[in-house]
Each structure stands twice: as structure tokens, then as C-alpha cells.
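Here the structure is laid out as C-alpha cells; the discussion comes afterwards.
No lab work stands behind these numbers, since they all come straight from the coordinates. Remember, it's a predicted structure, so these values are computed and weren't measured experimentally. Here the Cβ positions follow ideal geometry from the backbone for every residue, glycine too, while neighbour counts run over all protein chains shown.
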Amino acid sequence: MPQAVAIQPALNVRRPGWRGWGLFAPMVAWLALFVVAPTAILLVYSFFTGEGIGEVDTHFTLENYRRIFKPVYLDLFWRSIVYAGATTILCAMIGYPVAWYIGRAPASRRGKLLMLVMIPFMTSFLIRTYAWFTILHEHGLLNGFLESAHLIPTVFSHPLNILYTPTAVMIALVYTYLPFMILPIYTSVEKLDPSLIEAAADLGAGPTRSFFRVILPLTWPGAAAGILMVFVPAIAMFAVTKIMSGGHIRLIGDEIQEQFEGGGDLPFGSALGMALLILFLVTYWISAGRSAKVLRGT
Amino acid sequence: MAHPLPSGNSLARLFLPAWTIAVLVFLYLPIILLVVYSFNNVPNNMDLSAHWHGFTLRWYRAMWADRLLMQSVRNTLIIASAVTVVSIVLGTGAAWLMHRFVFPAAGGLQTLILLPMIIPEIIMGVSLMLLFRAIGLNRGYLTVIIAHVTFCFPFVMAAVQARLAGIDPSLEEAALDLGATPIRAFFSVIVPYLMPAIVAGGLLTFTLSIDEFMVTYFTYDARSMTLPILIYSEARTGLKLTLNAVSTLFIAGTVILVLAMELLRSRR
């Protein structure tokens, strides 16, 4: 509608008067106070010195950042990246076919299928994590099933001990973040013009070739958004890893959590937080270019 | 409209539905088990083994008697309600003002508003904790509500902005031409038009707030403890079946809410 576009500026592009500003001011104040100020305080704290028992000495130091480069903490960062990366890859591999199937389903069924994916995630993620205990427990359902199918003495010599292992952590992480991968990919798949796939097939591209040369590039914005929405929260998670590993596997989130609890080293915790923030910005910068459109669209 | 896959892909036709069903089983199995075992008549509240001892409503009765648990459920609902109301006002207001007026640096402001949606929650949690410490605001209901609103109202704003993108400007013009004040026009013309987006954003806010753990963890005090915090702290000593019972009620509430929304939408 070109007419509508022509009318719009008359009313729409308008400088705010004092009333506009008056209404807008609380919003700006909220952002300044609860988004900008906390981040600035985090940055300032990261240059202070921790005195133990939650006390701080306000003299400027770079010691906290130097400490991050100790092997113990580099290991923590590396392990967090590995776990979050593995979660992201598994979510993409498991979620892509689902997103594709839903996105290509008849329009009348798409909403219902999408709702089926979303409903489990409206319950607490902690509850959902604990629900896995019933399955993975030594006397849990999985071992019960394997025993009744006579797989335990034959294939596995003794009951499986999955709980409190990296496998349990991975299962719970993938379970927690899978919908955040499925949703954005679905958004991209739904918009995909099917004639492009047909054209690729007509021109002689096999399924593999047309997937990597046509489908994947076209749905990449969705996948990139999914990667962002899974990797970023997964890297900073502490609850799921702590619960499923019984506290045996420590990631960067666990370290930050402990530093901010009573008696922790707040400045060092702040420095770790800043490092995580930088890691987040880098991830965002790499993937955001393509995913920004999808994120804004949802 | 169904778009058939390229010919020669009959394997995909079988694989995709089968895979989707398998993933749905993976998604629902733990939740169904959680609900089923909330009725398990095991002798001990902390027995998590999968053995079935018969049907009981014991854990639902025990749940009502658990004062700490009931307190946390009440806190969760109070906080989520307050967060939803404030987020709707802030989010709708921000979206409308940014649509209606051209503010200097509006682009940067937009990014700043959306930042809490994607920033790692633990960073939001610890930085807000430092802020509250610095300004001497004691941790309690208020700090939790402020923290939740900060990452929830962008979701309302995004939903409202999406709907505003399709608004016909003559809608407001007509109201103004007929003599309505800008404020009257906003509440009697714009708000009704935006209502589906406001409801959707509000519902999302409510569910996000109920489930929030990481930011809450750094901003709550003993009195304002929410359900996720209670679950996390109780898990260290061992999970209780009364938590299964509470979760089952929350799941039932969610499913009813979603079905009601869907019913409303299909009627329109």
C-alpha cells in the first residue's frame, strides 16, 4: 500500500514534545539504573581487591585479571566452552530435522506441532532436570527397562551408572535448550521458498548437495540465532551441571556463583563475570550479523 | 500449504516424522514420569526409585502442610503477577513511544533494551546484586521484582513492536480528527488494537518470571524465596515427592492456560 506509506510520516515522524519526553524518561531511567549502572559497577569491582568475607579494598589493581589466566581458571573457561559447544551442536543436529518437519508441515498443523514442542518448557527447568533422576537413577527406569529386556546381564554386565556423569550433564543440557534451537530454525524454514529446493533438484543437485548448498545457507539466519540462544545461556549455566554431576563437574558459572556467595571474593568474581561478558560479546558479534533479523522477527 | 520435498527423498518422508515423534517422546517422557510418580505410594518422601507402590494422594496432602513450600509458591505467584503488570506498562509504553516519536539515539536505546533478553543471566544476577549492595537496597521482594522486570519487559516490547509494525496510521488520525485527546486515542483505539500482543507478551513474562532461577538466586532473601530457589536448595539434601506434586499442579495450570488461549484464538 504505497498510500499508507506516504501518509505515515505525517503522523509518525515527529519530534517528542515535553510530554513525550516525560513519558519516555522513566524508561530511560530504568535502563540507566538497572542495565547500565550494574554493568559499570561490575567493571569497577573487577579492579578492586577482595578482602575475604565479602569485603573489598577499593585500590585499583589488575591482579584479578592476571589470576584468570592461571591454568585452573583457563581450564574452567575451556570446559565451559566445550560443554556449551557440544550442547549447541547436539541441539542443532537433533533440532534441525524437527524444525524442518514442522516448518514444512501443512500450515494448519504447524501451530499445534510448535505448541507440542513448547508446552514442556513452560514448567520449571529445575523440575525438568530433576525429572531425569527417575530415569537415570541406579534403580531408575532405564536400568529397570534394560533388566526386564534382559539386556543387562547380556549386553551390559551391570546396571548403568549414568547419573552424576558427563553423559547425564549433556542429556540435561540438551533437554533444557532444545526448544531454543528448534524455534528460530523453524522461523527460517517456514519462510523458505520451496521452488528454490525444486530448482536445485531440477538442476541435478542431490539431496546432500542441495542441503549444503541451498537449504543450509538459506536457513542459516535461524540456525545462527539458535546457536546464540543455546550457546550463550549454556556457557553460564550452573544449576543443571551442578545437579546432574552431583557437584563433580565445575564450569565457569559455578565459580562465579561461589565467589558471589557469602565470604566470596567479589572483585575476582566480577573479573570472571567481565571475562564471560567479553566471551558473550564475541559470540554475539560472530553470529549476530545473520541472526539479528530472526531475533527481531520473533 | 504442504510443500512436498524434492523427488527421490522418500527416505526423508519417513525419517522426518519418525524423528520428530522420537524427539517429542524425549521431551515429554521426564515430565510424564514426574506427574505419574507424584501419585506413587512409596513409604518415604525422599524415595526417588522407579518402583511403583500403588496410587496415593498423600503427597498432595503433605504439600499443603509444608509451610515453606506453600510460602515459596505464594511468593512465586505474587512476584510473577507484579512483574507482569509492570512489564506490560513499561514494554507497551516504550514500544508505543518509540513508534510514535523519533527520539535521538533511538537505535542505541533499542539495543540497550533488548540486551537483557540475551545477556547471560548470571551476569545480570551478579551485577544487579552489586548495584543493590552499592545503593543499600536490601534484598527482598522489591529487588527480585526489579530484576525480573529488567529482562521481562523487553519481551513485551518486542511483541508490541511487531504488532505496531502493521498498524494503520489512519486509525489514530481518525480518533484525533474526531476530537479525542492523544491519551484518550491511545487507550480507546491503540490499546485495543495492541491487545493480542500485550496478552502474548504478558503471558510470556508470567511464565518467564515463574521459572526464573539464576537472576533470582542473587537478588532474593529468605522471605522472598521463590519455588525454583526452594527446589534448588532442597535438591542438595535430596528431592521430595511433594515437589513432584507441586510441579504437577503447575504443569496442569500451564496446560489449561495454553489450551484456553488456543481456544480463544480459534474462536476469533
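Numbers below:
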{"read-out": "Within region B:131-141, tally of residues that are part of a helix (DSSP H, G or I) and in contact with a helix residue (DSSP H, G or I) (Cβ under 7 Å, 6 or more places away or on another chain)", "value": "4"}
{"read-out": "Candidate set: region B:40-68, residues that are of a type in the set (Phe, Trp, Tyr) and more than 13 Å from chain A (Cβ to nearest Cβ); chosen: the one farthest from the chain's Cα centre (by Cα)", "value": "B:55"}
{"read-out": "Residue B:162 surrounded by fewer than 19 Cβ atoms within 10 Å (Cβ to Cβ), over 24 Å from residue A:239 (Cβ atoms) and of a type in the set (Gly, Ala, Ser)", "value": "yes"}
{"read-out": "Single residue of region A:251-269 satisfying the filter (part of a helix (DSSP H, G or I) and over 18 Å from residue A:74 (Cβ atoms)) that is farthest from the other protein chains (Cβ to nearest Cβ)", "value": "A:267"}
{"read-out": "Residue B:167, sole failed condition from (1) in contact with a Pro (Cβ under 9 Å, 6 or more places away or on another chain); (2) not in a helix (DSSP H, G or I); (3) not small (Gly, Ala, Ser)", "value": "(1)"}
{"read-out": "Residue in region B:112-120 that is farther than 16 Å from residue A:32 by Cβ, over 25 Å from the mean Cα position of the chain (by Cα) and not hydrophobic (A, V, I, L, M, F, W, C) present", "value": "no"}
{"read-out": "Subset of region B:99-130 [in a loop (DSSP other than H, G, I, E, B), in contact with a helix residue (DSSP H, G or I) (Cβ under 7 Å, 6 or more places away or on another chain) and under 20 Å from residue B:160 (Cβ atoms)]", "value": "B:101, B:103"}
{"read-out": "Residue count, region A:89-101 (criterion: in contact (Cβ under 8 Å) with a residue 24 or more places away in the chain and facing chain B (nearest Cβ under 7 Å))", "value": "3"}
